[in-house]
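These notes concern the structure reproduced below.
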Amino acid sequence: MLFRSGFDNYLPAGITPGQFGVLLAYPAIGKSWMALYLAVQAWRNGKSPLIVSLEMTEAEVRNRIFAIIGQGMWSHRKLSSGNVEIDMFKKWAEKTFANKPSIHIISNDGIGEVSPSVLRGKIDQYKPDIVFIDYLQLMQDNAGTSQNETVKIKNLSRELKLLAISEQVPIIAIASATPDDASDLESVPQLGQVAWSRQIAYDADWVLAMGRQQNSDALECAFRKNRHGFLGDFIMFADFDKGKFEEVLDPIS
């Protein structure tokens, strides 16, 4: 098992090397939180994740990770504002991270555009067991000259799939969805609603789509594609400030 959580019942067995997975949702649903939750589950199971964040700073990602690992001990809001008891936090961190695998976080601060070629260099440098990209539409393809977003995303999809295979590491990318109805940004998107290019849906080994009603803590999740495992729906409950995610419930009937 890679994640040692209810997700092991739904994701492809073990998330094997070479797989390309996609987390798909509209804005402000919780895609980034879900990716970091999965990264933490992998870390708890002895794996070293590499997190590539193109919309948050390293400090923002780190604070979210601390909240998730703390499982309610730390408020993300207070961590972000520095409103924590420093000595208590240091003791917790020393105990929590002692003799544990590294969690590598990189952002586009100071390194410019991030392409699959740049990512390959980071994989070769850090040797992660799994890679998370937040998010796909903010990356640049290897050519770096694509003026058309559809062409760029099509190239990226193919390049990331080939990168996962050649480096023999699972890559999970967040992707935005385009709604058929602009007033509906809460439902679970369909496979064909990947923003800019449906090539992502073709290349991905699995696509987990998510939706969330306004002011709700229930994440509605549905595998729109899964070549090696469960196809269906389930629900998770999330407290984003406390970083707490309840176990996956039984699939929705």
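The values are calculated or read from the model by the stated rules, or taken from the named source; none is laboratory data. The model shown is predicted, which means the values in this text are computed figures rather than measured ones. Note that we place each Cβ from the backbone using ideal geometry, even for glycine, and neighbour counts take in every protein chain shown. Just the protein is used for accessible areas: all its heavy atoms, side chains included, with ligands, DNA and RNA removed. Shrake-Rupley method; radii C 1.70, N 1.55, O 1.52, S 1.80 Å.
Tallying residues that are assigned to a helix (DSSP H, G or I) and either closer than 15 Å to Gly30 by Cα or at pLDDT below 90 (or both) within region 194-233 yields 4. Taking the criterion of being out of contact with any Gly (no Cβ under 6 Å at 6 or more places or on another chain), open to solvent by 40 Å² or more (accessible area, probe 1.4 Å) and touching a residue at least 60 places away in the same chain (Cβ under 8 Å), the residues of region 230-248 that qualify are Phe230, Asp239, Phe240, Asp241.
Ala67 meets each of the listed conditions (1) part of a strand (DSSP E or B); (2) small (Gly, Ala, Ser); (3) touching a His at 6+ places or on another chain (Cβ under 6 Å) apart from (1). Looking at Gly46, Gly30, just one residue is under 28 Å from Ala177 (Cβ atoms) and among the small types (Gly, Ala, Ser), and that residue is Gly30.
Among residues of region 147-193 being in contact with a strand residue (DSSP E or B) (Cβ under 6 Å, 6 or more places away or on another chain) and assigned to a helix (DSSP H, G or I), the one that is surrounded by the fewest Cβ atoms within 10 Å (Cβ to Cβ) is Leu191.
Scanning region 69-86 for residues being open to solvent by less than 90 Å² (accessible area, probe 1.4 Å) and under 22 Å from Trp43 (Cβ atoms) gives a total of 9.
Yes or no, residue by residue, for (1) assigned to a helix (DSSP H, G or I); (2) within 26 Å of Met139 (Cβ to Cβ); (3) open to solvent by less than 20 Å² (accessible area, probe 1.4 Å); (4) out of contact with any Leu (no Cβ under 9 Å at 6 or more places or on another chain):
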| residue | (1), (2), (3), (4) |
| --- | --- |
| Leu38 | yes, yes, yes, no |
| Trp43 | yes, yes, yes, yes |
| Glu55 | no, yes, no, no |
| Met88 | yes, no, no, yes |
| Trp92 | yes, no, no, yes |
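Checking every residue in region 87-98 against the condition of being small (Gly, Ala, Ser) and in contact with an Asp or Glu (Cβ under 9 Å, 6 or more places away or on another chain) gives zero matches. Which residue pairs have Cβ atoms under 6 Å apart, sit 6 or more places apart or on different chains, and have a first residue in region 125-142 that is part of a loop (DSSP other than H, G, I, E, B) and a second that is of a type in the set (Val, Ile, Thr)? Here the result reads Tyr135/Ile174; Met139/Val114, each pair linking region 125-142 to a residue that is of a type in the set (Val, Ile, Thr).
Could you go through region 162-182 and let me know if any residue there is β-branched (Val, Ile, Thr) and more than 24 Å from Pro128 (Cβ to Cβ). So far as region 162-182 goes, yes, one or more of its residues are β-branched (Val, Ile, Thr) and more than 24 Å from Pro128 (Cβ to Cβ). The residue pairs whose first member lies in region 60-75 and is more than 13 Å from Ala39 (Cα to Cα) and modelled with pLDDT under 95, whose second member is of a type in the set (Asp, Glu) and part of a loop (DSSP other than H, G, I, E, B), and whose beta carbons are closer than 7 Å, counting only pairs six or more residues apart or on different chains, are Ser75/Asp241. For beta carbons closer than 8 Å, sequence separation of 6+ or different chains, a first residue in region 164-176 that is closer than 18 Å to Ser53 by Cβ and a second that is surrounded by fewer than 24 Cβ atoms within 10 Å (Cβ to Cβ) and of a type in the set (Ser, Thr, Tyr), the qualifying pairs are Pro170/Thr16; Ala173/Tyr135; Ile174/Ser32; Ile174/Tyr135; Ala175/Tyr135; Ser176/Tyr26; Ser176/Tyr135. Looking at Pro12, Pro49, just one residue is in contact with a strand residue (DSSP E or B) (Cβ under 9 Å, 6 or more places away or on another chain), modelled with pLDDT of 95 or more and surrounded by 18 or more Cβ atoms within 10 Å (Cβ to Cβ), and that residue is Pro49.
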